[in-house]
Amino acid sequence: MFRTMNAVQQMARRSICSSARRQVENKVPQKQKVFQEDNGMPVHLKGGSSDALLYRATMALTVLGVGFTLYELVKASFPQKKD
Amino acid sequence: MAHQAHAMLYSVDPSPSPLTGAVAALLMTSGLAISMHFHTTTLMSLGLVLLLLTMYQSSRDIIREGTFQGHHTPPVQKGLRYGMILFITSEVFFFLGFFSAFYHSSLAPTPELGGCSPPTGITTLNPFEVPLLNTAVLLASGVTVTSAHHSIMEGQRKQAIQSLTLTILLGFYFTALQAMEYYEAPFTIADGVYGSTFFVATGFHGLHVIIGSTFFAICLLRQAQYHFTSDHHFGFEAAASYSHSCLMSYDSSFTSLFTDEAS
């Protein structure tokens with residue numbers, strides 16, 4: 001048990017040390033270039049294919065959701081047969 | 001002059017977020033009704049997922065418009081500030097409603113309550129135990145958030161990150177303490193008007209603290225990614241104003257809701 005604790009301690013120390021050395025890079029100028037490109041894309045899709053994927057998933061959920069709501073409300077509107 | 005001012009404003013690109021947000025609201029409300037009658041939470045959960053997706057995408061888009069496209073010029077920022085002030089004011093009125101409900105029932109207690117306040121049978125919480133600690137925690141977070149603000153304004157990146165992290169941790173500490181209080185409380189939301197007003201007011205307040213912590217967490221990520229400059233960091237100022245108003249509402253709760261038998 002103590003050997004595992006020692007290993008975990010060493011690992012934690014190593015990962016904290018390495019994250020202190022690894023500086024977060026300033027990627028804002030790159031992002032500014034990407035989002036100011038004159039490609040006619042709306043801002044919610046301008047980031048690339050992951051934007052399109054997220055948009056499609058959200059829209060699918062939206063359409064499904066409206067359908068599901070209408071189904072549940074219609075079902076609730078009619079009296080249920082009590083067994 | 002008017003043309004110049006107009007050129008500094010911008011129109012947003014068409015976005016699906018208003019539609020998806022509205023549908024999320026539809027799903028959550030009808031889902032809530034369905035869950036109460038048919039004991040199924042699917043619809044409501046779907047609405048919640050859609051809400052989170054909408055919140056993520058719309059705030060991501062606003063960050064793109066401001067930080068990456070440079071659209072948040074001084075006149076636009078002024079509009080954003082007005083918007084935040086109006087929203088916070090509406091939240092203040094929201095809480096005023098719950099306070100008025102409490103005072104309505106406690107200042108003139110009916111015979112059904114025993115003609116006294118706190119009502120007969122209610123064992124109140126000692127305000128000088130966890131509630132006082134919670135007040136101190138929130139006040140401390142007010143100090144740390146001000147420190148973070150000054151660090152941002154002075155371009156001190158590391159200090160800003162540290163103060164912001166401390167602010168978030170204090171928010172989590174508050175939430176943990178409040179959750180424990182809720183678990184240990186000798187009365188419930190179903191215990192008459194005292195229970196109802198207490199848990200609804202403190203419950204909504206607790207939710208707002210969670211919202212504030214989330215807002216600050218996003219600010220922390222943005223600060224780490226160099227989004228904020230020393231004179232343009234409105235997102236952070238919005239989060240700070242929101243949390244300060246939350247703190248004020250807790251201080252008011254402390255002085256009114258947390259009364260003991262002596263008063």
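The values are calculated or read from the model by the stated rules, or taken from the named source; none is laboratory data. Here the structure is a predicted model, which is why all the values come from computation and not from measurement. So basically every Cβ, Gly included, is an ideal-geometry build from the backbone, and we count neighbours across all protein chains shown. Heavy atoms of the whole protein, side chains included, go into the accessibility calculation; ligands, DNA and RNA do not. Shrake-Rupley method; radii C 1.70, N 1.55, O 1.52, S 1.80 Å.
Please verify whether B:L32 is modelled with pLDDT of 95 or more, under 30 Å from B:L257 (Cβ atoms), among the aliphatic types (A, V, I, L, M) and surrounded by fewer than 15 Cβ atoms within 10 Å (Cβ to Cβ), treating the condition exactly as stated. Spell out the reasoning first.
Working: modelled with pLDDT of 95 or more: yes; under 30 Å from B:L257 (Cβ atoms): yes; among the aliphatic types (A, V, I, L, M): yes; surrounded by fewer than 15 Cβ atoms within 10 Å (Cβ to Cβ): yes.
When the stated conditions are applied, B:L32 passes them.
Identify, please: which residue in the range B:177-194 is out of contact with any helix residue (DSSP H, G or I) (no Cβ under 7 Å at 6 or more places or on another chain) and assigned to a helix (DSSP H, G or I) and is, among those, surrounded by the fewest Cβ atoms within 10 Å (Cβ to Cβ)?
Of the residues in the range B:177-194, the ones out of contact with any helix residue (DSSP H, G or I) (no Cβ under 7 Å at 6 or more places or on another chain) are B:179-180, B:182-186, B:190-191, B:194.
Applying the additional criterion that residues be assigned to a helix (DSSP H, G or I) yields B:179-180, B:182-184, B:194.
Numbers: B:A179: 11, B:M180: 11, B:Y182: 14, B:Y183: 7, B:E184: 9, B:Y194: 22.
Among those residues, the one meeting the criterion is B:Y183.
Between a residue in the range B:42-55 that is under 11 Å from B:L32 (Cα atoms) and within 11 Å of chain A (Cβ to nearest Cβ) and any residue that is surrounded by 15 or more Cβ atoms within 10 Å (Cβ to Cβ) and acidic (D, E), which pairs come within a Cβ distance under 7 Å, given they are 6 or more apart or on different chains?
Within 7 Å, the pairs are B:L43/A:E72.
Please determine, by comparing only the residues of the range A:45-63 that are among the aliphatic types (A, V, I, L, M), more than 7 Å from chain B (Cβ to nearest Cβ) and in a helix (DSSP H, G or I), which one is farthest from the chain's Cα centre (by Cα).
First, pick out the residues of the range A:45-63 that are among the aliphatic types (A, V, I, L, M): A:45, A:52-54, A:57, A:59-61, A:63.
Restricting the remaining residues to those that are more than 7 Å from chain B (Cβ to nearest Cβ) gives A:45, A:52-53, A:57, A:60, A:63.
Now narrow it down to the ones that are in a helix (DSSP H, G or I): A:52-53, A:57, A:60, A:63.
Working: A:A52: 13, A:L53: 11, A:A57: 11, A:A60: 16, A:V63: 19 Å.
That would be A:V63.
For the range A:44-56, indicate whether the set of residues that are surrounded by 11 or more Cβ atoms within 10 Å (Cβ to Cβ), modelled with pLDDT of 95 or more and among the polar types (S, T, N, Q) is non-empty.
Narrowing the range A:44-56 to residues surrounded by 11 or more Cβ atoms within 10 Å (Cβ to Cβ): A:44-47, A:51-52, A:54-55.
Pick out the ones that are also modelled with pLDDT of 95 or more and you get A:44-47, A:51-52, A:54-55.
Now narrow it down to the ones that are among the polar types (S, T, N, Q): none.
The answer is no, given that none of the residues of the range A:44-56 is surrounded by 11 or more Cβ atoms within 10 Å (Cβ to Cβ), modelled with pLDDT of 95 or more and among the polar types (S, T, N, Q).
Considering only the range A:23-44, state which residues are at the interface with chain B (Cβ under 7 Å from one of its Cβ atoms) and outside any loop (DSSP other than H, G, I, E, B).
A:V28, A:K31, A:Q32, A:F35, listed by residue number.
For the range A:3-26, indicate whether the set of residues that are open to solvent by less than 80 Å² (accessible area, probe 1.4 Å), over 23 Å from B:Q223 (Cα atoms) and modelled with pLDDT under 70 is non-empty. Even if it seems obvious, please write down each step before you answer.
The initial filter retains those residues of the range A:3-26 that are open to solvent by less than 80 Å² (accessible area, probe 1.4 Å), namely A:7, A:12, A:15, A:17-20, A:24, A:26.
Still in the running and over 23 Å from B:Q223 (Cα atoms): A:7, A:12.
This time we only want the ones that are modelled with pLDDT under 70, so: A:7, A:12.
Yes, the conditions are met somewhere in the range A:3-26.
Does at least one position in the range B:122-139 carry a residue that is open to solvent by 70 Å² or more (accessible area, probe 1.4 Å) and of a type in the set (S, T, N, Q)?
yes
Quick one: how many residues across the range B:61-88 are part of a helix (DSSP H, G or I) and open to solvent by 30 Å² or more (accessible area, probe 1.4 Å)?
Residues in the range B:61-88 being part of a helix (DSSP H, G or I) and open to solvent by 30 Å² or more (accessible area, probe 1.4 Å): 14 in total.
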